Amino acid sequence: MFSSKRLFCVCVFAILLLAGGSVLIHPQAPTSPIWFQLQKIPFRLENDGTPAKNAPEAMAGGVAVFDYNGDGRPDIFFTNGANIATLRKDSPKYRDRLFRNDGNGHFTDVTDEAGVAGSGYDIGVAIGDYDNDGCPDIFVAGVYHNTLYHNNCNGTFTDVTAKAGLDKRVDPQYGPLWSVAAAWVDVNNDGRLDLFVVNYMRWKYSDIPKCSYGGVADYCHPKYYQPVPDQLYLNNGDGTFTDVSQAWGIRSHPGKGMGVGVADYDLDGRQDLFVTNDTDYEFLFHNLGNKFEEVAFSAGLALPQDGDFISGMGLDFRDINNDGYPDIGFAALNNQTFPLYLNSGKGDFIDITASSGMRDLTMNMAGYGVGFYDFDNDGWKDMFVTRGHVESMPIPGADIDQFNTVFHNPGKVGKWTALTAEAGLNAAAAARHRGCAFGDFDGDGRVDVVTTALGADAEIWMNRTANANHWLDIALRGTKSNRDGIGARIKVVTKSGTQYNHMTTSVGYASSSDGPVHFGLGPDARAELVEIWWPSGIVQTLQNVEGDRVVHVTEPPK
């Protein structure tokens, strides 16, 4: 039998049909703990796919969310490909794009006036205010060519790559370097953001296929390429950077880097780096203050539980069980799972991929970007993954084009749940998704997502999760610490419990998300206590902070 409420809904549906309207029905929406609505944006990721299957064609797609003009609304920057043979943007379709958020779900293309269209085959992006002038700058990582854009604080940017000393991309030992991702991080706590650049592997263009599977040309397995080292640049404080990769112990660890996460995993006040590698050992660079030591094996992170090399892709390095210690999750390909590690608090990590349910959920999935955010504001960070395969031709046991998925965090009890159609993420066509970045585009306190896909339109996923939960965003302004507050740890205490997060812009695959730091408060309308551990060592305490708003916090003098 029909209830009166159900009968009313059916009648409304019939009236709309008679009126010529269109209705999109998602029957799972009322019962799903997380729900997204698709919104289009006029950007298409052009990777210049060719019959020769050159490796960079499969790796494009970084995206950034940041407030470039200081109006309080997060904007979107997309990296884009180029002519794969020349690595030049010889057509307007290859332009990188910057979209200004005008509010009300409307974005305006401001690429030309901002001066950020780019010139090469661009892959990744990292956002950070490297000169502490209050205006976020853009670093773009690409194939044989990187770019540093200085934000002029007037809606325009200036290419300062050569001036900054970041234009040298030919290594005397390894040749031209192909960068996939980067992270802004103050490695020596001097109040200035340094730059860590993730380099992938040695590659050279070919106009004929180099690899085939079952007689069909496709992208070569990474084992056919040689590894290269990542790079660390120290900020000199005068607009220039010095390559200290050798002195800081980075250069002695060549790999096939795909992503980097930044967090102080042992809470010693220094920022550490986790680097995913493609079918190679993962790296955990432990910060000793004046150099890094690579400790992935002793920390239990070099290989997943099965002991096999996997295609480590994008990641997030963030506390998911609210114990104050940053954990790690990253994406890989089908039959490899999406590994999930809990920080023991004793210097090592515990692989919970199987016990959390993630092993069974992800065994048949391939993914790239990962972000830990509390999408339903219940006080527990969930995991969003952009999905899609590396290969471009059908392969046994794997879908090439896939839908994105959000994994719901059950808290301390129970197993994670995979939400795809249930979360509305089948509203867009399955695709080879790549980058993802996160921010509250409409200011409603729910974290939204923007994603990219090879040869396809970008997708904005507006978070329409319906519940009575509250939230709190902390926007940091460093004074003694770096202006962005990158590296600051935040503790929030409510009646329902305690949770932790930290400020970093390095999230996902080849992507960047620039604060504020988001907390779901569950049923509590305020935080009883907020504690901030700044990179400078200063500890700041706020009490009785009302929720459902963005709180701007400036680092005190001491």
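The values are calculated or read from the model by the stated rules, or taken from the named source; none is laboratory data. Note that the structure is a prediction, hence the values are computed from the model and not measured. A quick note on method: Cβ atoms are made from the backbone with ideal geometry, for glycine too, and the neighbour counts reach across all protein chains shown. With ligands, DNA and RNA removed, areas are computed over all heavy atoms of the protein, side chains included. Shrake-Rupley method; radii C 1.70, N 1.55, O 1.52, S 1.80 Å.
Annotations for the structure displayed:
- Qualifying residue in segment 427-444 (condition: in a helix (DSSP H, G or I) and more than 18 Å from Gly62 (Cβ to Cβ)): no
- Contact annotation: residue pairs with Cβ atoms under 6 Å, 6 or more positions apart or on different chains, pairing a residue in segment 336-352 that is in contact (Cβ under 8 Å) with a residue 60 or more places away in the chain with a partner that is among the charged types (D, E, K, R) and part of a strand (DSSP E or B), are Asn343/Asp327.
- Count of residues meeting criterion [open to solvent by 40 Å² or more (accessible area, probe 1.4 Å), part of a loop (DSSP other than H, G, I, E, B), farther than 24 Å from Asp137 by Cβ and not hydrophobic (A, V, I, L, M, F, W, C)] in segment 454-506: 5
- Among the residues making up segment 222-263, those that are small (Gly, Ala, Ser), in contact (Cβ under 8 Å) with a residue 24 or more places away in the chain and touching a strand residue (DSSP E or B) at 6+ places or on another chain (Cβ under 7 Å) are Gly249, Gly255, Gly257, Gly259, Gly261, Ala263.
- When residues of segment 344-383 are limited to those that are closer than 26 Å to Asp272 by Cβ and among the aromatic types (Phe, Trp, Tyr), the one most open to solvent (accessible area, probe 1.4 Å): Trp380
- Neighbours by Cβ (under 8 Å, 6+ apart or cross-chain): first from segment 512-541, within 26 Å of Asp268 (Cα to Cα) and of a type in the set (Lys, Arg); second assigned to a strand (DSSP E or B) and open to solvent by 10 Å² or more (accessible area, probe 1.4 Å): none
- Filtered residues of segment 139-164 (kept if surrounded by fewer than 20 Cβ atoms within 10 Å (Cβ to Cβ) and closer than 21 Å to Tyr200 by Cα): Tyr144, Thr161
- Taking the numbered list (1) more than 21 Å from the chain's Cα centre (by Cα); (2) crowded, with 16+ Cβ neighbours inside 10 Å; (3) over 20 Å from Thr79 (Cα atoms) in turn, Ser119 passes all entries but (3).
- Residue that is surrounded by the most Cβ atoms within 10 Å (Cβ to Cβ), among those in segment 384-401 that are hydrophobic (A, V, I, L, M, F, W, C) and assigned to a loop (DSSP other than H, G, I, E, B): Val390
- Test: residue in segment 66-75 that is open to solvent by 40 Å² or more (accessible area, probe 1.4 Å), assigned to a strand (DSSP E or B) and of a type in the set (D, E, K, R): no
- Qualifying strands (runs of 3 or more DSSP E) (wholly inside segment 236-327; at least 1 residues being closer than 16 Å to Val370 by Cα and either open to solvent by less than 10 Å² (accessible area, probe 1.4 Å) or modelled with pLDDT under 95 (or both)): 257-263, 272-277, 315-318
- Subset of segment 411-423 that is without any contact (Cβ under 8 Å) to a residue 40 or more places away in the chain and out of contact with any strand residue (DSSP E or B) (no Cβ under 7 Å at 6 or more places or on another chain) - its residue that is least open to solvent (accessible area, probe 1.4 Å): Gly411
- Flag if Ile138 is modelled with pLDDT of 95 or more, touching a Pro at 6+ places or on another chain (Cβ under 6 Å) and in a strand (DSSP E or B): no
- Candidates Lys412, Lys346 - the one that is among the basic types (Lys, Arg) and under 30 Å from Arg526 (Cβ atoms): Lys412
- Within segment 94-104, tally of residues that are in contact (Cβ under 8 Å) with a residue 24 or more places away in the chain, surrounded by 13 or more Cβ atoms within 10 Å (Cβ to Cβ) and outside any strand (DSSP E or B): 2
- Val197 fulfils the conditions (1) in a loop (DSSP other than H, G, I, E, B); (2) under 28 Å from Ala85 (Cα atoms); (3) not hydroxyl-bearing (Ser, Thr, Tyr) except for a single criterion, (1).
- One residue stands out in segment 189-214 among those that are more than 23 Å from Pro227 (Cβ to Cβ) and over 23 Å from the mean Cα position of the chain (by Cα): the one that is surrounded by the most Cβ atoms within 10 Å (Cβ to Cβ), namely Asn189.
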